[in-house]
Structure formats: structure tokens, C-alpha cells
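Reading through the C-alpha cells given below for one structure.
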Amino acid sequence: MKTVQAYKIKNGGWNFISDKPKLNNPLVLVFGNRYLLESPTIYNEIKELFPTGNIVFGTTSGEILKESVNDNSIAVTAIEFEKSNYTIHSKNIKDFDNDSEKLGRALTATFDKINLKHIFIVSEGSFVNGSSLIKGLEKNIGNSIKISGGLCGDDARFEKTLASYNQNPKEGEIIAIGFYGDSLEITCANYGGWLAFGPERIITKSKGNILFELDHKPALDLYKTYLGEKANELPQAALLYPLSLRINNTEENVVRTILNIDESNNTMILAGDVPENAIVQLMMSSVDDIADGASKAAMYAMQNRKTKPELALLVSCIGRKLVMNQRTEEEIEEVIEVIGNQSITTGFYSYGELSPFSNQKECKLHNQTMTLTLISE
């Protein structure tokens, strides 16, 4: 595996972190600030840097490059696979009447399943239902092929997200990268580090990812009561107090972030499904808990690996970044300490993370986690 990494800050030129060897047919991952990726020349700029590359763009709430976390930048990682290969397909949710599950089914139907080892998703993050997307993606591949990835971000603005494959970034795009090859070893894992507090409540009215009532009371009113003065800062304030969600008394809880609120209907829009009769509880965290959670995610991802990872794709949540603030890089450092500094590290801060639990094959939508996808040939 050969790699090249570069970055660009606002009003600056391209800076290469290492030598720039000539790469053959590289996968080029471009994660960047939404305002910078809105440049009408951005695709041509990257194509000029990597003429034979297949380029995947995604906007972020922070860019991860090596051990650094940056804002208002573009981070580029180009990867040439020497013993394996990859295929990329993309769809736009607007072509599927905003039906995330339908799009997911169509997207994985385009892949040749022979020797397909893993699918990594870079998805628009503004209005996709991540749970439905996963359900659709798995329709055609079952759970024998693992899926990981993330929903694009837009800092803490929640205005719009952009993504694309071999064209300028645009709204509504969902890109799937399929990895093929007997030599590939790909593992993934996630962990949060958030603690539940307050009473458990039952979802008594919901539809998809829209939450209407908890314990037969308006969910938004209850949530505002807990937030107090911070309710005036919604929806951003909700990133600091996500919901723990437990369905059918399963052992694993998933975390749901509130992406937006609808004052007129007194509802909350979350990143994934919130089924009726599920149990929810408020959560909070600290800097040390989040850093420890990142370390645990890395340990789970390294379990039973036969080889050291050469490439680490990290997707962490914007909520974690807001809690960590000036210490955000500590969670990246915790990951690198566990997986080793031989690995090329890149990724982004997201509006949602896709990954199975460490002991399962089925993909889940997560919020407020550190998710790792470790790759070696």
C-alpha cells in the first residue's frame, strides 16, 4: 500500500506531508470544510494533483489527518492498493424521493459480490435516515460483508452537507467504496464513553427518526426542561446531551443525536430511527471519558488482527468534538497509541457513524462514538 497525504487551509496552497510518489489508480479521500468544498474548482484541483485517482469528497465537522484535527481545511489522503482493489458507486437520495432504504438497496445492488470484503460509506448527513440507509444497504449483501463509514458534517451549523464521487461536491450524494482482495484484512469497531443520567422514558409516539412523545408527553418540551437555559441554543446544545436508545431490552444501547427540532410540531428530528416502545435516557460525558472511549474503540478494532493496520479511517462525532474543545486531538492520540504509528490516519468528524458492534456483523447507526476502520493488505 502506497499513500500520499496533503492538506490545504483557507486562502492557502497545497502542503504535502511527505514525498509525493506517483500513484497508480489511487483511491483519493477528500474531507473538508463545507465552505471550502463549495469551490467550483475543487474537483479539478484534486484531479490535477492525482490525475489517475478516483476521488471521493465529504464535508466535515472537523478534518482528521495523522494525529491532528483541523477546522477550515481540506485533508487529502490518496491510497494505491498493491495487492487488492476497490470499486466505487454513488447515488443521490433526491432520485429516490428521499427514501433512504430504497437508495441503500439500489446502491449495494450495483456491486459485484464476488470477493467483496468490506463497504465504506461516505453519506450526506443533513436529511438521510441513517438507520433506514443501513437497512437498505444490507438487503443485497446480508451481514456477511461488514459496512462502516459516516454521515458528512457541516461543523455545528446543520445547514447542509455535501459529498460526491469524481465531481464537485453536491447535496444528497451517498458514496459506497467496496474493497476486494484475498490479502485484505479489514476490522472495524466503535465506542462512545457517554454516561446515562436521569429517568428512563418510553417512546410513546414516533415516526421513523421523528420523535413526538415520551411517556405520552411532548418530547421537545421534556427535553427543553432538562436543558434549562441551554434550550435557547438548540439544536447545537443537543449535541452535548444525546439520547441513549434501547430497543426490545437488547444488551447494547445505541446513541441518537438530535439533528434538528421542529417548533411548530413540537418534535425532535434525530439521526436515525427512534421506534415506539424503545427506552431512552439522557446522556452526558467528559473529556477524559471521551478520550478513554476512543482508546477502547481502538482496542476493539485491533482484537484478533493478524497484521498491523496500514490505513486507519476514523469517523468521530461532532458532539465529542464540542465536549473535547481544545483537547480534541487527545482522542486521536489515544487511537494511534493503540493501533501504532505505522498506520496512515485520516477521517472526519461527522453527524453519525456507521459500524457493527465489535461482537456482531450487522451494521448500526451510532452517534457520539469514535468509529475505526482499519485496513491492511
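Couple of notes before you dig in:
- N25 meets all of the listed conditions (1) open to solvent by less than 60 Å² (accessible area, probe 1.4 Å); (2) farther than 14 Å from V76 by Cα but one, namely (1).
- When K139, K205 are screened for being of a type in the set (D, E, K, R) and at pLDDT 95 or above, only K205 passes.
- Per-region count, segment 338-357, residues open to solvent by 10 Å² or more (accessible area, probe 1.4 Å), under 17 Å from I134 (Cβ atoms) and either of a type in the set (D, E, K, R) or in contact with a strand residue (DSSP E or B) (Cβ under 6 Å, 6 or more places away or on another chain) (or both): 0
- The set of residues in segment 45-64 being assigned to a strand (DSSP E or B) and open to solvent by 10 Å² or more (accessible area, probe 1.4 Å) consists of N54 alone.
- Scoring F158 on the criteria (1) on the phi > 0 side of the Ramachandran plot; (2) out of contact with any Pro (no Cβ under 8 Å at 6 or more places or on another chain) leaves a single failure, condition (2).
- Taken over segment 148-179, the criterion of being of a type in the set (V, I, T) and either touching a Phe, Trp or Tyr at 6+ places or on another chain (Cβ under 9 Å) or over 21 Å from C317 (Cβ atoms) (or both) is satisfied by T161, I175, I177.
- On the stretch given as segment 292-318, residues that are out of contact with any helix residue (DSSP H, G or I) (no Cβ under 6 Å at 6 or more places or on another chain) and in a loop (DSSP other than H, G, I, E, B) total 7.
- Conditions (1) on the phi > 0 side of the Ramachandran plot; (2) at pLDDT 95 or above; (3) surrounded by fewer than 18 Cβ atoms within 10 Å (Cβ to Cβ); (4) not charged (D, E, K, R): number failed by N11: (2)
- Number of the condition not met by S123 [criteria: (1) buried (at least 17 other Cβ atoms within 10 Å of the Cβ); (2) in contact (Cβ under 8 Å) with a residue 24 or more places away in the chain; (3) more than 17 Å from the chain's Cα centre (by Cα)]: (3)
- Residue count for segment 13-38 satisfying the condition of being in contact with a Phe, Trp or Tyr (Cβ under 9 Å, 6 or more places away or on another chain) and not in a strand (DSSP E or B): 6.
- K321 in a helix (DSSP H, G or I), among the charged types (D, E, K, R) and open to solvent by 10 Å² or more (accessible area, probe 1.4 Å): yes
- Note on segment 155-201: enclosed strands (runs of 3 or more DSSP E) holding 1 or more residues that are of a type in the set (S, T, Y) and open to solvent by less than 10 Å² (accessible area, probe 1.4 Å) are 163-165.
- Each residue in segment 135-154 was checked for being open to solvent by 10 Å² or more (accessible area, probe 1.4 Å) and either in a helix (DSSP H, G or I) or in contact (Cβ under 8 Å) with a residue 60 or more places away in the chain (or both), and 6 pass.
- Residue within segment 264-275 that is open to solvent by 20 Å² or more (accessible area, probe 1.4 Å), at pLDDT 90 or above, assigned to a loop (DSSP other than H, G, I, E, B) and in contact with a helix residue (DSSP H, G or I) (Cβ under 8 Å, 6 or more places away or on another chain) present: yes
- Residue within segment 279-291 that is open to solvent by 50 Å² or more (accessible area, probe 1.4 Å) and part of a helix (DSSP H, G or I) present: yes
Listed here are the residues, each with its yes/no results for (1) more than 20 Å from the chain's Cα centre (by Cα); (2) under 25 Å from K135 (Cα atoms); (3) of a type outside the set (A, V, I, L, M).
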residue: E213; (1), (2), (3): yes, yes, yes
residue: L227; (1), (2), (3): yes, no, no
residue: R246; (1), (2), (3): yes, yes, yes
residue: N253; (1), (2), (3): no, yes, yes
residue: L259; (1), (2), (3): no, yes, no
residue: I269; (1), (2), (3): no, yes, no
residue: D273; (1), (2), (3): no, yes, yes
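The values are calculated or read from the model by the stated rules, or taken from the named source; none is laboratory data. Since the model is a prediction, treat every value here as computed from it, not as a measurement. No Cβ is skipped: glycine too gets one built from the backbone with ideal geometry, and neighbour counts run over all protein chains shown. Quick note on the areas: whole protein, heavy atoms, side chains included, nothing else; ligands and nucleic acids left out. Shrake-Rupley method; radii C 1.70, N 1.55, O 1.52, S 1.80 Å.
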